[in-house]
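Okay, so here's the structure we're looking at.
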Amino acid sequence: MKIALDKQAHFWSGLAIMLSGSLFFGWGIGLCIAVVACFAKEWFDSLGYGTPDIWDIVATLTGSLVGTLLYLLKEAL
(Lines give C-alpha, C1' and ligand atoms only; values in the text may rest on other atoms or scores of the structure.)
Protein backbone atom coordinates (compact mmCIF):
# COMPACT_ATOMS: atom_id res chain seq x y z
CA MET A 1 0.00 0.00 0.00
CA LYS A 2 1.40 3.36 -1.01
CA ILE A 3 1.20 6.05 1.66
CA ALA A 4 0.04 9.42 0.35
CA LEU A 5 2.57 12.23 0.42
CA ASP A 6 0.11 14.27 2.51
CA LYS A 7 0.09 11.68 5.29
CA GLN A 8 3.88 11.51 5.26
CA ALA A 9 3.99 15.29 5.66
CA HIS A 10 1.61 15.04 8.63
CA PHE A 11 3.76 12.33 10.23
CA TRP A 12 6.98 14.34 9.88
CA SER A 13 5.25 17.52 11.04
CA GLY A 14 4.01 15.82 14.20
CA LEU A 15 7.49 14.46 14.85
CA ALA A 16 9.16 17.83 14.24
CA ILE A 17 6.70 19.80 16.38
CA MET A 18 7.00 17.35 19.26
CA LEU A 19 10.80 17.28 19.21
CA SER A 20 11.07 21.06 18.78
CA GLY A 21 8.75 21.67 21.71
CA SER A 22 10.58 19.14 23.85
CA LEU A 23 13.89 20.95 23.32
CA PHE A 24 12.60 23.87 25.35
CA PHE A 25 9.87 22.46 27.60
CA GLY A 26 10.40 18.70 28.00
CA TRP A 27 8.74 15.76 26.34
CA GLY A 28 5.32 16.15 27.98
CA ILE A 29 4.81 19.74 26.88
CA GLY A 30 6.29 18.94 23.46
CA LEU A 31 3.72 16.19 23.01
CA CYS A 32 0.91 18.50 24.15
CA ILE A 33 1.99 21.19 21.68
CA ALA A 34 1.99 18.65 18.84
CA VAL A 35 -1.48 17.34 19.76
CA VAL A 36 -2.93 20.85 20.00
CA ALA A 37 -1.34 21.80 16.67
CA CYS A 38 -2.78 18.66 15.09
CA PHE A 39 -6.34 19.34 16.18
CA ALA A 40 -6.07 23.09 15.52
CA LYS A 41 -5.01 22.43 11.93
CA GLU A 42 -7.91 20.07 11.30
CA TRP A 43 -10.33 22.50 12.95
CA PHE A 44 -9.00 25.25 10.67
CA ASP A 45 -9.53 22.94 7.70
CA SER A 46 -13.12 22.31 8.80
CA LEU A 47 -13.85 26.03 8.58
CA GLY A 48 -13.48 25.80 4.82
CA TYR A 49 -9.78 26.51 4.45
CA GLY A 50 -8.86 22.94 3.57
CA THR A 51 -10.11 19.38 3.60
CA PRO A 52 -10.49 17.91 7.09
CA ASP A 53 -9.45 14.27 7.28
CA ILE A 54 -9.37 11.92 10.26
CA TRP A 55 -6.32 10.17 8.77
CA ASP A 56 -4.41 13.45 8.92
CA ILE A 57 -5.00 13.44 12.66
CA VAL A 58 -3.88 9.81 12.92
CA ALA A 59 -0.70 10.46 10.91
CA THR A 60 0.21 13.56 12.94
CA LEU A 61 -0.42 11.84 16.26
CA THR A 62 1.64 8.86 15.12
CA GLY A 63 4.56 11.14 14.34
CA SER A 64 4.14 12.82 17.72
CA LEU A 65 4.16 9.47 19.53
CA VAL A 66 7.23 8.28 17.62
CA GLY A 67 8.95 11.51 18.64
CA THR A 68 7.99 10.88 22.25
CA LEU A 69 9.39 7.35 22.13
CA LEU A 70 12.62 8.59 20.54
CA TYR A 71 12.96 11.28 23.21
CA LEU A 72 12.35 8.82 26.05
CA LEU A 73 14.75 6.31 24.50
CA LYS A 74 17.43 9.00 24.30
CA GLU A 75 16.85 9.87 27.96
CA ALA A 76 17.11 6.22 29.00
CA LEU A 77 20.48 5.68 27.30
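The values are calculated or read from the model by the stated rules, or taken from the named source; none is laboratory data. A quick note: this is a predicted structure, and the numbers were derived from the prediction, not measured. Positions of Cβ are backbone-derived with ideal geometry, glycine not excepted, and every protein chain shown enters the neighbour counts. Areas reflect the complete protein model, heavy atoms only, side chains present, ligands, DNA and RNA absent. Shrake-Rupley method; radii C 1.70, N 1.55, O 1.52, S 1.80 Å.
Do you know which of the residues in the range 21-35 that are without any contact (Cβ under 8 Å) to a residue 12 or more places away in the chain and not in a loop (DSSP other than H, G, I, E, B) is surrounded by the most Cβ atoms within 10 Å (Cβ to Cβ)?
Just the residues of the range 21-35 that are without any contact (Cβ under 8 Å) to a residue 12 or more places away in the chain, to begin with: 23-26, 28-29, 32.
Filter again for not in a loop (DSSP other than H, G, I, E, B), leaving 23-25, 28-29, 32.
Values: L23: 9, F24: 9, F25: 13, G28: 12, I29: 13, C32: 15.
Filtering the range 21-35 for residues that are without any contact (Cβ under 8 Å) to a residue 12 or more places away in the chain and not in a loop (DSSP other than H, G, I, E, B), the one surrounded by the most Cβ atoms within 10 Å (Cβ to Cβ) comes out as C32.
Would you point out the residue of the range 36-56, among those that are hydrophobic (A, V, I, L, M, F, W, C) and within 11 Å of S13 (Cα to Cα), that is most open to solvent (accessible area, probe 1.4 Å)?
So in the range 36-56, the residues hydrophobic (A, V, I, L, M, F, W, C) come out as 36-40, 43-44, 47, 54-55.
Pick out the ones that are also within 11 Å of S13 (Cα to Cα) and you get 37-38.
Values: A37: 37, C38: 7 Å².
Ranking the candidates gives A37 first.
Just the residues that are basic (K, R) and within 18 Å of Q8 (Cβ to Cβ), please, taken from the range 57-77. It would help to see each step written out before you state the result.
If we filter the range 57-77 for residues that are basic (K, R), which is where we start, we get 74.
Answer for the range 57-77, where residues must be basic (K, R) and within 18 Å of Q8 (Cβ to Cβ): there is none.
Is it true that S46 is more than 12 Å from I17 (Cβ to Cβ), polar (S, T, N, Q) and without any contact (Cβ under 8 Å) to a residue 60 or more places away in the chain?
Values: more than 12 Å from I17 (Cβ to Cβ): yes; polar (S, T, N, Q): yes; without any contact (Cβ under 8 Å) to a residue 60 or more places away in the chain: yes.
It is true that S46 is more than 12 Å from I17 (Cβ to Cβ), polar (S, T, N, Q) and without any contact (Cβ under 8 Å) to a residue 60 or more places away in the chain.
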